[in-house]
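J.: Got a structure for you, written out below as structure tokens; questions coming shortly.
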Amino acid sequence: MRFLETSFKDDDQSKTETLPIGLVCAWRTWPAGILVCPSAIFPWRWRMAAEQPGNKALPIAGGMLATMLALLLGLVQPFEGYSAQPYRDVVGKLTVCYGHTAKVEQRTYTRAECERLLQSDLGVAWNTVQSCIKVPMTDYQAAALTSFAFNVGPGGAGVKDGLCTLRNGQQPRIRVYANQGRWDLACAQLSNWANAGGKSYKGLERRRTAERAMCEGRY
């Protein structure tokens, strides 16, 4: 996943985090004029399965259900963008496909390879959510937090801020509120992670707006 240094607010304190900035494509209109394409990158049969009425039991990436995966793709893929050729991101990290940065080879990647890499990365992000959010979630809440985790990672004491742990070793408010079942406050916390390097970026603001809207069920 592709990251850049970003600042956010947690419990009225300024923080610094690493997040990616991505692109936008068109498929469905979201709040604030955001256009997304949730099923543009995965085989059509996945989208068709996800759209079947009452289909809630099709496990796909990392144990995710098809319904949640379809929602998740609408958040992650448009903002990550796509490149079959490896390139250096803004912090110099070798990146390919949909913001993939692990073990990138200097060659052209096929669309199928990129789809598999994204599926794997989404599974990792979903596992992060499951590791620190221990209460039931709707598909919308799960998709929003998984997109967020894909973006910021789990975090770690003395390392970086993330969904599960802040650099100072404490839990971020988004995790605390979610585990308390206070989803109105948890979803609102997403808006506090929208600045990068002390600057405001429209792309990151749009992503956080979309994630919050998804979390709140306003899709």
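The values are calculated or read from the model by the stated rules, or taken from the named source; none is laboratory data. Here the structure is a predicted model, which is why all the values come from computation and not from measurement. With ideal geometry, Cβ positions are generated from the backbone for all residues, glycine too; neighbour counts draw on all protein chains shown.
J.: Out of Tyr87, Tyr82, Tyr109, I need the residue that is farther than 18 Å from Arg207 by Cα and touching a residue at least 12 places away in the same chain (Cβ under 8 Å). Which one?
T.: Tyr109
J.: For segment 88-119, how many residues are exposed (fewer than 14 other Cβ atoms within 10 Å of the Cβ) and among the hydroxyl-bearing types (Ser, Thr, Tyr)?
T.: Qualifying residue count for the region: 2.
J.: Which fully enclosed helices (runs of 4 or more DSSP H) of segment 169-219 have 2 or more residues being more than 13 Å from Leu145 (Cβ to Cβ) and touching a residue at least 40 places away in the same chain (Cβ under 8 Å)?
T.: 202-215
J.: What are the residues in segment 103-129 that are acidic (Asp, Glu) and out of contact with any His (no Cβ under 7 Å at 6 or more places or on another chain), if any?
T.: Result: Glu105, Glu113, Glu115.
J.: Now for a different question. Quick check: anything in segment 124-139 under 14 Å from Leu75 (Cα atoms) and among the aliphatic types (A, V, I, L, M)?
T.: Scanning segment 124-139 turns up at least one residue that is under 14 Å from Leu75 (Cα atoms) and among the aliphatic types (A, V, I, L, M).
J.: Considering Met68, Met137, Met64, which residue is under 21 Å from Gly162 (Cβ atoms), modelled with pLDDT of 90 or more and crowded, with 22+ Cβ neighbours inside 10 Å?
T.: Step by step, each of Met68, Met137, Met64 is checked, and only Met68 is under 21 Å from Gly162 (Cβ atoms), modelled with pLDDT of 90 or more and crowded, with 22+ Cβ neighbours inside 10 Å.
J.: Taking segment 163-195, which residues are surrounded by fewer than 24 Cβ atoms within 10 Å (Cβ to Cβ) and of a type in the set (Gly, Ala, Ser)?
T.: Answer for segment 163-195, where residues must be surrounded by fewer than 24 Cβ atoms within 10 Å (Cβ to Cβ) and of a type in the set (Gly, Ala, Ser): Gly169, Gly181, Ala188, Ser191, Ala194.
J.: I'm trying to understand the selection: among the residues of segment 144-168, which are part of a loop (DSSP other than H, G, I, E, B) and either under 26 Å from Leu69 (Cα atoms) or in contact with a His (Cβ under 8 Å, 6 or more places away or on another chain) (or both)?
T.: Gly153, Pro154, Gly155, Asp161, Gly162, Leu163, Cys164, Thr165 - these are the residues of segment 144-168 that are part of a loop (DSSP other than H, G, I, E, B) and either under 26 Å from Leu69 (Cα atoms) or in contact with a His (Cβ under 8 Å, 6 or more places away or on another chain) (or both).
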